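Taking it in order: structure first as structure tokens, then the write-up.
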Amino acid sequence: MHILFLTDNFPPEVNAPASRTFEHCREWIKAGHEVTVITCAPNFPKGRVFDGYRNKLFQQDRMEGIRVIRVWSYITANEGFVKRILDYQSFMVSATLAALFVRRVDVVIGTSPQFFTVCAAWMVALLKRVPFVFELRDLWPESIKAVGAMGDSAAIRWLERLELFLYRKANLIVSVTHAFKRKLIERGVDGRKIGVVTNGVDMTRFKPMEKDPALVERLDLAGKFVGGYVGTHGMAHHLETILDAAERLSAEGLGDRFHFILLGDGARKGALKEYAAQRGLANVTFVDSVSKDEVARYWSVLDVSIIHLRKTELFTTVIPSKLFECMGMGLPVLHGVEGESADIVRAEQVGEVFEPENVDQLVSLLKVFRNDTERYRVHQAKCLAAAKKYDRSALALRMLDLVVSAVCPARRLSDKAVGGLADSER
């Protein structure tokens, strides 16, 4: 089977959509299928093309057997609604045109968060007369309203109509959370065509390791309990909560015992650095995005991972992908997200949950993790046990079986896939 996958994020970018797509496609290649990915020049999140790449009309190469076609798009930083929409729409047009030259395609997959890419996938599938698969990573444009980037308006209502149109047209919807599936069913989407394949962890890359001594020395972390956030610094994440916790601990005279690492980039990073500077937070270090190969080194110097999203009902449906990487590393989490992901943390006992934006609870749990060695070690062991349930290789094969069944509806799903679907319904 030849799978054509449209995505505007792909390695060497290191965000969650890029990692998921690459790791799934790599497994599909291993399973004997042909995969072509159409993407753009790597530029996320700073809106600058990575070294060694150019924003050309058309270029292609191979990455672990995957044919990768990169097309031109209007590139801008991850900030400013209008510019981002131009970015998305330019890729939609370029990807659609490039896809017309990809021959003998059996299925077209388009992935969100934003769904202009999915629009392109639907159009290409229509023109090629093959099934169209919608991989649903975010309830966009609802998330735009949730973070306050844009209020209810004619534009938002138009996007919502487009969203429902794409759900209806998809032969298969692959959701990354069970909550997303429930939301879609409530909105009238046929639940029989929705499968759930959660995010997971590449266990060949993220596994237990000793603290990297060079990083410990360079970042002056010796003897300190280190809490860290790794990921996008955006409006949705409200990382001021972590900075407020750092300030609180400093005010209590504990600034030399607790240190915080914030690794990544995003629309809010400049404001966050200014926020920290104004408060004189010597126990906070900001680190720019690093390559995927380097991420595990930075995870290693943390004693606890802090996962946080703004307090809003929409984010109760989200499962941050970094949760699974923490499991693979054996790194306990302090989880400031409510809903489905918090249920996973509690059920698997991989850390502790605190109310989003609640600085008191975060500070209290940081002290608990530092002082209660036995409790901390239990969470470490539970992380490693839970990671095996979210092995990316197995999840990729589950999604592959769903895709194959969409291409060949009469095909009987494998026992493994049927089991996976049953799990997703619970």
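If I model a spin label as a point 7 Å beyond the Cα along the Cα-Cβ vector, how far apart are those points for Ala277 and Leu127 in nm?
Once both label points are built, they end up 4.8 nm from each other.
What ranking of Glu135, Glu210 emerges when the number of other C-beta atoms within 10 Å of each C-beta is taken as an exposure proxy, fewest first?
Numbers: Glu135 27, Glu210 8.
By the 10 Å Cβ count, ascending, the order reads Glu210, Glu135.
Using a Cα-Cα cut-off of under 18 Å, which aspartates and glutamates could be cross-linked to Lys367, ignoring same-chain neighbours fewer than 8 residues away?
Cross-link targets: Asp244, Glu247, Glu252, Asp256, Asp303, Glu352, Glu355, Glu357.
Helix 415-424 sits at what angle to the longest principal axis of the chain, using alpha carbons and giving 0 to 90 degrees rounded to 10?
60 degrees
Can you list the lysines whose alpha carbon is less than 18 Å from that of Lys30, not counting same-chain residues fewer than 8 positions off?
By straight Cα distance, Lys30 reaches Lys416.
Could you pull out which residues in region 203-223 have an amide N less than 19 Å from a spot 7 Å beyond the Cα of Arg297, following the Cα-Cβ vector?
Residues 204-222 fall inside that zone.
Counting only other residues whose beta carbon sits under 14 Å from that of Val124, what net charge do I get with K and R as +1, D and E as -1?
On the way: positive: Arg103, Arg104, Lys128, Arg129, Lys169; negative: Asp106.
Spelling it out: positives minus negatives among the neighbours equals +4.
Using Cα-Cα distances under 8 Å and only pairs 6 or more residues apart, what relative contact order does the chain have, in percent?
Details: 804 pairs, mean separation 62.3, N = 426.
Answer for the chain is 15 percent.
How would you order 231-244, 61-74, 351-364 from highest to lowest mean count of nearby Cβ atoms within 10 Å? Walk me through the numbers on the way to the answer.
Numbers: 231-244: 22.4, 61-74: 17.4, 351-364: 19.5.
Descending packing order for the listed peptides: 231-244, 351-364, 61-74.
I want the local charge near Trp72. Using Cβ-Cβ distances under 14 Å, sum +1 for each Lys or Arg and -1 for each Asp or Glu among the other residues.
Numbers: positive: Arg54, Lys56, Arg70; negative: Asp8, Asp87.
Once all neighbours under 14 Å are counted, the net charge is +1.
Which of Arg182, Arg398 has the fewest other C-beta atoms within 10 Å, and how do the rest follow up to the most?
Going from least to most buried by this count: Arg182, Arg398.
Looking only at the chain, where both bridge partners belong to it, what percent of the DSSP beta bridges are antiparallel (to the nearest 5)? Don't skip to the end; give the middle numbers.
Working: 6 of 51 bridges.
Once the DSSP bridges in the chain are tallied, antiparallel ones form about 10 percent.
Let me have the relative contact order for region 213-388, percent, based on Cα pairs under 8 Å that are six or more residues apart. All intermediate terms of the calculation are to be shown ahead of the outcome.
Details: 292 pairs, mean separation 38.8, N = 176.
Reported relative contact order: 22 percent.
Which one of Ala98, Val290, Val301 has its Cα pushed farthest toward the positive end of the charge dipole of the chain, where Lys and Arg give +1 and Asp and Glu give -1 at the Cβ?
Ala98
Report, in deg cm²/dmol and to the nearest 500, the calculated mean residue ellipticity at 222 nm for the chain, where each DSSP H run with n ≥ 4 adds -39500 (n - 2.57) and the sum is divided by the residue count.
On the way: 16 runs with 185 residues, N = 426.
When only DSSP H runs of four or more count, the value is -13500 deg cm²/dmol.
Which lysines, if any, have their Cα less than 24 Å from the Cα of Lys183, not counting same-chain residues under 8 positions apart?
Lys145, Lys169, Lys193, Lys311, Lys322
Just in region 251-323: which GluC sites (Glu not before Pro) are loop by DSSP and have at most 15 other Cβ atoms within 10 Å? Present the calculation step by step, with values, prior to reporting the outcome.
Working: sites: Glu252, Glu274, Glu294, Glu313; in loops: Glu252.
Loop-located and lightly packed - Glu252.
Each reported figure results from applying straightforward, stated rules to the coordinates on display, with no laboratory input. Keep in mind that this is a model prediction, so the values were computed, not measured. Glycine also receives a Cβ, built like all others from the backbone with ideal geometry; neighbour counts cover every protein chain displayed.
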